[in-house]
Each structure stands twice: as structure tokens, then as C-alpha cells.
Amino acid sequence: MKKVGIASLFLLAILCNSCGYQFGTAGDLPQGYHTIGIPYVEGDLDGSLTSALIRRIGTNGCMEYRHEGGALLLQAKIIEISDENIDFRYDRHKNGRIKHTIIPTETRLIETVEVAIIDAGSGCVLRGPVRITGYVEFDHDFYKSRNGINIFSLGQLTDYDAAEDAAYRPLNEVMAKKIADFVCDSW
């Protein structure tokens, strides 16, 4: 019976020191973490979200970004990118008369990213995974050429494809800020 009690105490000690349970104040990561590594964001085809995230974490001051050897890892995965039309107008005939059909003129681009903060040494997930969603809105016109992009208005008066391409940069900046806020607010 005494062996069962010792074995139970040993098992409890192992479980309390593993990834599943940590002593301390709820919501606070231990203060021993000052550096973070950011591997390539899964699903980031051109690397633009990854570089926006590295730039934001590197300049916000709550953590020091390390290319290698960070005490923490920020694991991120793009879950979904979608769009929804949010503004419309009546289409027109070539002579200017209004048709009975409507066409979209403004779209919201929405991105959802799953994020987790991991202890690099043990591989334990310290925070997350959580899903963070951000969006940007941009104007577009069906009948403009692809070369008519106006980057300062996020695609205003351009065709949809060119406007959407221009909107990804500000969307990545929005997502990088939200993810960096999650990392910094975890402390």
C-alpha cells in the first residue's frame, strides 16, 4: 500500500511539472521568457504575413525576436482567407442608362490565423491555440484595367483582382498587430 502512495505522489509530481499544469497567476507566462522565434507561418504562400509578424514583434518591445534560439516559439497557421461584398451599385449600359442588375463596389477581405505560444526547450504549448481574425475593406470597379491600381486607397477604382492584391499588405499588417498584441498581452 505504501508503494502505491509513493507511486501516486511521483505521478502527481510529474504531471504537475509537465505541459499540462503550471503553478502561478492565471494568465501570466513566467517572467523568464524574453526572446521569441517565429517560424514560417503555415499557409503563407509568399511569406508576407511572416515578415510582417517578425517586423511587428521586433519593434513592439515586449519580446526580442531571434532568428534562432528564442526561448519561445510563435507557431501560426492561416486557417481561412475569405471575402464578402459589402457595397453595391447599379450596373449601367454603355449609353449610361441604369441596368436592373447590381455589381459589388466594395469588399471586405477576412483572414483567420491560429496562433500558439510554445516553450522552445520543452515543446509545451504555453498559450493557445487561439484563432485571431482580422479584416480590411477595399473599393474596386469591375471595368478598370489591371494596371490602374491606386495603392493609396487600397484599390479604389481598380478591378477586383488588382484591388485584392493591393489589400493583402494592409491585411497582413492588421494581422501582425493582432498577433503581436496576443503575444504581449500574454505576459
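The set of residues from the stretch 73-98 being in a strand (DSSP E or B) and among the polar types (S, T, N, Q) comprises Q75, S82, N85.
Can you work out which of the residues in the stretch 154-178 that are more than 24 Å from I132 (Cβ to Cβ) and of a type in the set (S, T, Y) is modelled with the lowest pLDDT? Result: T158. From the set of residues in the stretch 52-68 that are surrounded by fewer than 20 Cβ atoms within 10 Å (Cβ to Cβ) and in contact (Cβ under 8 Å) with a residue 40 or more places away in the chain, which is nearest to A116 (Cα to Cα)? Out of the qualifying residues, it is C62. Of all the listed residues (A52, A71), the sole one being modelled with pLDDT of 85 or more, within 21 Å of S186 (Cβ to Cβ), touching a helix residue (DSSP H, G or I) at 6+ places or on another chain (Cβ under 7 Å) and of a type in the set (G, A, S) is A52. Is it the case that some residue within the stretch 99-107 is outside any strand (DSSP E or B) and surrounded by fewer than 11 Cβ atoms within 10 Å (Cβ to Cβ)? Within the stretch 99-107, none of the residues are outside any strand (DSSP E or B) and surrounded by fewer than 11 Cβ atoms within 10 Å (Cβ to Cβ).
When I79, I98 are checked against the criterion of being within 24 Å of S51 (Cβ to Cβ), free of Cβ contacts under 8 Å to residues at least 60 places away in the same chain and of a type in the set (A, V, I, L, M, F, W, C), a single residue qualifies: I79. On the stretch given as the stretch 74-96, residues that are at pLDDT 90 or above and among the charged types (D, E, K, R) total 4.
Note on the stretch 61-72: residues that are more than 20 Å from N172 (Cβ to Cβ) and in a strand (DSSP E or B) total 2.
Taken over the stretch 124-139, the criterion of being surrounded by fewer than 17 Cβ atoms within 10 Å (Cβ to Cβ) and in contact (Cβ under 8 Å) with a residue 60 or more places away in the chain is satisfied by C124, V125.
The values are calculated or read from the model by the stated rules, or taken from the named source; none is laboratory data. Keep in mind the model is a prediction, meaning the values are calculated, not measured. So basically every Cβ, Gly included, is an ideal-geometry build from the backbone, and we count neighbours across all protein chains shown.
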